[in-house]
Amino acid sequence: MRVLAGLFEGVESETPYGGRAVSWEPMGSAWLKLGPRQSREKTEAGAARATERRTAEARADARLTAERVLRFGGADWRIRSTETVGGQAILNLERAP
């Protein structure tokens with residue numbers, strides 16, 4: 001199944017009170033061929049949290065880089081890593097449900 005996903009990049013700024021705020025700037029869109037979902041639990045600092053992982057294929061695009069976000073199906077998926085093989089980008093995606 002192919003889906004159209006929006007591509008976003010986080011832009012950090014400082015608030016008037018000295019805090020940090022992240023806004024998401026649109027970078028374009030990409031058609032994705034999705035792989036199956038995989039659920040697992042991560043343990044960090046003694047606390048467990050569930051994450052979902054998924055692979056996706058897209059046409060090779062320089063904008064598809066790690067730490068950017070793809071938005072599709074009502075959820076935000078962070079790109080964890082990319083690999084380009086024969087004009088296709090293989091993306092490893094992750095999100096916290």
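The values are calculated or read from the model by the stated rules, or taken from the named source; none is laboratory data. Predicted, not measured: the structure shown is a model, and the values here were computed from it. Cβ placement follows ideal geometry from the backbone for every residue including glycine, while neighbour counts extend to all protein chains displayed. In case anyone asks, the SASA skips ligands and DNA or RNA and just uses the protein heavy atoms, side chains included. Shrake-Rupley method; radii C 1.70, N 1.55, O 1.52, S 1.80 Å.
Please label the shape of the range 1-44 as rounded, prolate or oblate, based on the square roots a ≥ b ≥ c of the eigenvalues of the alpha-carbon gyration tensor (a/c under 1.5 means rounded; beyond that, a/b larger than b/c means prolate, else oblate). Walk me through the numbers on the way to the answer.
On the way: a/c = 6.42, a/b = 1.49, b/c = 4.32.
Oblate, since a/c reaches 1.5 and b/c is not below a/b.
Among G18, G74, G28, which one moves the most in a GNM of the chain with springs linking Cα atoms closer than 10 Å?
G18
Quick check for me: using +1 on Lys/Arg Cβ and -1 on Asp/Glu Cβ, what's the dipole size of the chain about its Cα centre, in debye to the nearest 20? All intermediate terms of the calculation are to be shown ahead of the outcome.
Values: 16 positive and 13 negative charges, 87 e Å.
Computed charge dipole of the chain: roughly 420 debye.
Mind putting a number on the dipole of the range 15-62 about its Cα centre? Charges go on the C-beta only, +1 for Lys and Arg and -1 for Asp and Glu, and I need it in Debye to the nearest 20.
On the way: 9 positive and 6 negative charges, 37 e Å.
Rounded to the nearest 20 debye, it is 180 debye.
Taking a probe of 1.4 Å, how large is the accessible area per residue of the chain, in Å²? Working shown, then result.
Numbers: 6370 Å² over 97 residues.
Per-residue value: 66 Å².
For a quick check, take a GNM of the chain with Cα springs below 10 Å and name the residue from R71, R59, R20 with the largest mean-square fluctuation.
Of the options given, R20 has the highest mean-square fluctuation.
Select from G19, L4, G35 the residue farthest towards the positive end of the dipole of the range 1-59; place +1 on Cβ of Lys and Arg, -1 on Cβ of Asp and Glu, and compute about the Cα centre.
In the range 1-59, that residue is G35.
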